[in-house]
1. Give the residues of region 227-244 whose amide nitrogen is closer than 15 Å to a point set 7 Å from the Cα of residue 262 in the direction of its Cβ.
2. Rounded if a/c is under 1.5, else prolate if a/b beats b/c, else oblate: with a ≥ b ≥ c from the C-alpha gyration tensor eigenvalues square-rooted, which is region 357-462?
3. Restricting to the chain, compute how many DSSP beta bridges are antiparallel as a %, nearest 5.
4. Counting alpha carbon pairs within less than 8 Å and at least 6 residues apart, what relative contact order, in whole percent, applies to the chain?
5. With the cut-off at 1.5 for a/c, could you classify region 155-271 from its C-alpha gyration tensor as rounded, prolate or oblate?
6. Using 0.36 nm per residue, how much length does the chain from residue 381 to residue 253 gain when fully extended, once their Cα-Cα distance is taken away?
7. For the pair residue 481 and residue 303, what calculated FRET efficiency results from E = 1/(1 + (r/R0)^6), where r is the Cβ-Cβ distance and R0 = 56 Å, to the nearest 0.05?
8. Stretched out fully, how many nm does the piece from residue 245 to residue 123 gain, at 0.36 nm a residue minus the Cα gap?
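No value in this document is a laboratory result; all are computed from the given coordinates. Just so it is clear, the structure is predicted and the values come from calculations on it, not from any experiment. Don't worry about glycine lacking a Cβ; one is built from the backbone with ideal geometry, like all the others, and counts go over all protein chains shown.
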């Protein structure tokens, strides 16, 4: 039997989320014989319990918030009311629209086989699934992750929901405790607060969104509190008691002693754990830890023909990270190129109001790495479009390498963080700039439409460069070289970028 036909398939993909689908579809389109094996619903956590339903819920919350504050725009409205069942129906309809292109028959029509069942390894090339076995030359593990359950006394007995249950609750709770101040916890705190829920957000760290720039995270925190979310930082839930009426009482340890909080529901947002338990990875010789499957920069596991992508590796747990890693697999395993997954220019966003987005390194990381840099920024309160729309909270903060020639040359962009309206969209100008090597000077010279929010990106850069250009020294040189009559030095600092 030849090398090419000793296996049933060229590729087995375990898991039908973002990473698995990207790998399976890409390999199929390249002519490989592929089988996709997936237990549960196709689309993974993102479509079914994550990105898609959360963003649909957040849209409803932002509409409610706009109506609440409509008087700011000269619009009188009655008190906000809403139909929670209608909101959930809209979430379902959005998911179903996406499922029109993410169901088993759709992928079968592409040419791949699809087995809708769970799977485990029998040996490094053999997979057991649905009462049968299949063999493959290559394997991609993309089984994702699930919510991690912390060892809190009484938590399991008292009951709780995770991201898998928060969007299907029969009714909104009157009082909701969210344990964990990361992106999931913070977004759900914002959404449920806008829908009239009394929300308490509990975080063990000194602030929410601890992986983001803390100066900008504080802006999100302040806005959440202004909207009514109670945020408890440096706080740890030590126990939960279920009361006779079905409510829960949280025992929270704080620096000033224990605090008791009564709620109707608890949402856990305390991190993720990889879905590896039922894979029998030992039979395949694949190394893994409690964090996830160990992979190299090419997404290869301890077995050369087995790769892993997405949450199951314990790395960056974003849908677009899984897609990026699946692209690395295709380059490395199928085209045999020396591909490595590069996270240096990797953006992410938390979709609260205001949104918080980031790419590249932060100011704190630049300092920790000993990189000579400057920080420049611009406030949305100085952006004409933001002022016109009444969404002028926040700022753009850019990290630039120390430029040369009096600040007029060079200036590589190292990172950018944005807190403000549509930050998740605005951050991509910096993604392109960092990826392509566009310098601060070059970006400053680019024309942006007026009035647009995107002007703030240019202004953040121009503020620094203008500070180097519009000086008394420049005035003296121009007067000396070209004979301008000149003006007396201004009594206030000239703005770097007018208009």
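1. Of the residues in region 227-244, 241-244 have backbone N under 15 Å from the label point off residue 262.
2. prolate
3. Percentage antiparallel, nearest 5: 65.
4. Contact order relative to length: 13 percent.
5. oblate
6. In short, 42.2 nm is gained.
7. Using R0 = 56 Å, I get an efficiency of 0.25.
8. Full extension of this stretch gives 38.8 nm more.
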